[in-house]
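The structure is given below, and queries will be raised subsequently.
The values are calculated or read from the model by the stated rules, or taken from the named source; none is laboratory data. Model, not experiment: these values are computed from the prediction. Quick reminder, even Gly has a Cβ in these numbers, built from the backbone with ideal geometry, and neighbours come from all protein chains shown.
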Amino acid sequence: MTDAPPPAYAGPPRVFSGMQPTNGLHLGNYLGALQKFVALQARYECLYCVVDLHAITAGPDPKELAAKSREVAAAYLAAGVDPKRSIIFIQSAVREHAELAWIFNCIARMGWLERMTQFKDKAGKHAERMSVGLFDYPVLQAADILLYKATHVPVGEDQKQHLELSRDIAQKFNNDYEAPGFFPLPEPLIQGPGARIMSLREGTKKMSKSDPSDMTRINLTDDADAIQSKIKKATTDPLPLPETAEGLKGRAEVENLVGIYAAMSERSVDDVLREFGGKGFGVFKPALADLLAAKLSSIAAEMRRLNADPGALDAILRNGAERARAIAAPIMAEVREKVGFWRA
Ligand code: AQP
């Protein structure tokens, strides 16, 4: 006789994702995550968070943090997240994130966190000088997701390992507290042509907010001139574009630019190469810059409009925090009971 498998999570599907208000958002954030945020609203109940608790792991300026948080929220709205349909809020406004993270700290094992490549990349040779928060970042991320029993998490490829850790934490909590199926094992939603956008200067490094050179990324707020100049100076090689996707192998920078064109125009790479194969970068780069400028200019304009009215933005964020708390509070009450905390 075999043991029956533990019951699976039976709650409703729900999407959670977040972005850090460290620097302004870039094209990688847009194609890897934000574009998916918008598309998923039609099928799921979605919570989109500005993760300011995560941002302080890198110690940003307290005078700027609230403004940067508003700016990321404005980017969500400008890209098409609908605040009536989806919940948009700031992480620190819902205190249960920190509370659940502490409980998960007592579930996660040191060895699990020591394997996280993002910490190794960010810390480099100076791990001992990094904040404990940066090391613990993926545990807080697990708390963010599971506080709402989210089942699906749209993220870029770089977050895959963190999502696996969230699943391990959920599984271990369910086992340790004899609560089979209590937390779902969240699924990453990574697929898509924009899952990994690389630096414009180095095709093996991801496009990143924290890269010291602004020339490595397209910011969502860049104007047409900035986009033209960054694409013109993007690293390529002297060969023309290949006729098929196969021909992109070993040409990481070219593959990245063609991938960006495909993702922005919602076409396949082969389709883009049918148009540009055999042509030089003197033709392709201006076409890419025009496409980016056309698509991003409406987002930038809407962000400027929203940032000019912080009162209206704050009202949306207050409402989002209330709705998020209403989901989180009963889940957290159950967690406290399972853990065995005293209750008056
Ligand atoms: N280059 C990228 N390509 C595709 N997706 C990406 N994301 C980030 N960079 C790329 C996705 O954007 C979301 C935002 O994540 P975050 O704000 O937590 O920042 P991050 O993942 O640490 O990456 P950033 O934006 O480059 O910031 P820094 O430089 O601070 O590390 C996530 O879904 C991420 O996958």
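Return the pairs, sorted by first residue and then second, in which the second residue is hydroxyl-bearing (Ser, Thr, Tyr) and surrounded by fewer than 23 Cβ atoms within 10 Å (Cβ to Cβ), the first residue lies in region 133-159 and is farther than 20 Å from GLY181 by Cα, the beta carbons are less than 7 Å apart, and the residues are 6+ apart or on different chains.
GLY133/THR57; LEU134/THR57; TYR137/THR57
Tell me the residue from LYS120, LYS160, LYS149 that is touching a Pro at 6+ places or on another chain (Cβ under 8 Å), basic (Lys, Arg) and within 15 Å of the ligand (Cβ to nearest atom), please.
LYS160
Is it true that LEU146 is at pLDDT 95 or above, under 22 Å from TYR9 (Cβ atoms) and not basic (Lys, Arg)?
Judged against the criteria, LEU146 is a match.
Could you tell me which of the residues LYS36, LYS63, LYS84 is more than 16 Å from the ligand (Cβ to nearest atom) and either touching a Ser or Thr at 6+ places or on another chain (Cβ under 6 Å) or part of a helix (DSSP H, G or I) (or both)? Steps first, answer last, please.
Values: LYS36 fails: more than 16 Å from the ligand (Cβ to nearest atom); LYS84 fails: either touching a Ser or Thr at 6+ places or on another chain (Cβ under 6 Å) or part of a helix (DSSP H, G or I) (or both).
Criteria check complete, one pass: LYS63.
Can you tell me which residue among ASN219, ASN174 is in contact with a strand residue (DSSP E or B) (Cβ under 6 Å, 6 or more places away or on another chain), buried (at least 20 other Cβ atoms within 10 Å of the Cβ) and not aromatic (Phe, Trp, Tyr)?
Among ASN219, ASN174, only ASN219 is in contact with a strand residue (DSSP E or B) (Cβ under 6 Å, 6 or more places away or on another chain), buried (at least 20 other Cβ atoms within 10 Å of the Cβ) and not aromatic (Phe, Trp, Tyr).
Which of the numbered conditions does ILE190 fail, given that it passes all the others? Conditions: (1) crowded, with 20+ Cβ neighbours inside 10 Å; (2) within 16 Å of the ligand (Cβ to nearest atom).
(1)
For region 136-158, enumerate the residues that are surrounded by fewer than 21 Cβ atoms within 10 Å (Cβ to Cβ) and either of a type in the set (S, T, N, Q) or in contact with a Cys (Cβ under 7 Å, 6 or more places away or on another chain) (or both).
THR151
Test of understanding: among GLU164, GLU202, GLU178, which residue is assigned by TED's automatic domain parsing to the domain that holds ILE56 and part of a loop (DSSP other than H, G, I, E, B)?
GLU178
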